[in-house]
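One structure below.
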Amino acid sequence: MKHILFTLKGCTKDLLNDEAYVRDIVYTASVKCKSKLLALHSHQFDPQGVTCIAMLADSHISIHTWPEIGMAVCDIFTCGENSKPKKGVEYMQMMFNADNIIMKSFNRPLE
């Protein structure tokens with residue numbers, strides 16, 4: 001099982017506040033991870049910010065955005081043998097135009 005926790009910094013602020021865009025990025029990240037998407041739920045906050053959660057057959061992807069500071073806090077957790085969570089991280093970093101990423105990766109044992 002692979003779990004990547006990451007913070008995207010220096011992102012394009014307008015993109016972080018666009019719920020449809022965030023949903024599309026999370027959806028495509030699930031494809032990049034080679035994971036089957038089961039459900040996708042998002043919420044637009046007032047006055048700003050978006051949270052989006054993708055339930056995957058092999059776990060989840062989440063993102064919480066703070067447009068006012070150009071930051072998103074995310075994680076991708078997969079337990080599929082052939083999943084590629086790092087590909088999803090790279091895609092999200094690129095699509096939000098993040099100029100910095102702080103990332104921690106974990107291999108999570110079943111025992």
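Considering every residue within segment 60-72, establish whether at least one is outside any helix (DSSP H, G or I), at pLDDT 95 or above and hydroxyl-bearing (Ser, Thr, Tyr). It would help to see each step written out before you state the result.
As a first pass, look at segment 60-72 and keep what is outside any helix (DSSP H, G or I): 60-66, 70-72.
Now narrow it down to the ones that are at pLDDT 95 or above: 60-66, 70-72.
Narrowing further to those that are hydroxyl-bearing (Ser, Thr, Tyr): 62, 65.
Within segment 60-72 (the criterion being outside any helix (DSSP H, G or I), at pLDDT 95 or above and hydroxyl-bearing (Ser, Thr, Tyr)), the answer is yes, since at least one residue qualifies.
Number of residues in segment 9-44 that are under 18 Å from Lys86 (Cβ atoms), in a helix (DSSP H, G or I) and of a type in the set (A, V, I, L, M, F, W, C): the value is 4.
What are the residues in segment 73-82 that are in contact with a strand residue (DSSP E or B) (Cβ under 7 Å, 6 or more places away or on another chain), at pLDDT below 95 and either more than 15 Å from Phe106 (Cβ to Cβ) or part of a loop (DSSP other than H, G, I, E, B) (or both), if any? Scanning segment 73-82 gives a single hit, Cys79.
Here Gly70 passes the criteria (1) touching a strand residue (DSSP E or B) at 6+ places or on another chain (Cβ under 9 Å); (2) touching a residue at least 60 places away in the same chain (Cβ under 8 Å); (3) under 23 Å from Met1 (Cβ atoms); (4) not charged (D, E, K, R) except the one numbered (3).
In segment 101-110 there is at least one residue that is closer than 18 Å to Val22 by Cα, in contact with a helix residue (DSSP H, G or I) (Cβ under 9 Å, 6 or more places away or on another chain) and part of a strand (DSSP E or B). Looking across segment 17-52, the residues that are closer than 18 Å to Pro67 by Cβ and either touching a Leu at 6+ places or on another chain (Cβ under 9 Å) or modelled with pLDDT under 95 (or both) come down to Tyr21, Val22, Arg23, Ile25, Val26, Gln48, Gly49, Val50, Cys52.
When segment 10-33 is examined, which residues are found to be surrounded by fewer than 16 Cβ atoms within 10 Å (Cβ to Cβ) and touching a strand residue (DSSP E or B) at 6+ places or on another chain (Cβ under 9 Å)? Selection gives Gly10, Ala20, Tyr27, Val31. Determine whether Thr51 is in contact with a Gly (Cβ under 9 Å, 6 or more places away or on another chain), surrounded by 15 or more Cβ atoms within 10 Å (Cβ to Cβ) and part of a strand (DSSP E or B). When the stated conditions are applied, Thr51 does not pass them. Within the set Thr65, Thr78, the sole residue that is in contact with a Gly (Cβ under 9 Å, 6 or more places away or on another chain), within 25 Å of Met1 (Cβ to Cβ) and not aliphatic (A, V, I, L, M) turns out to be Thr78.
The values are calculated or read from the model by the stated rules, or taken from the named source; none is laboratory data. These numbers were taken from a predicted model, which means no experiment stands behind them. Using ideal geometry, Cβ is built from the backbone for each residue, glycine included, and neighbour counts are taken over all protein chains shown.
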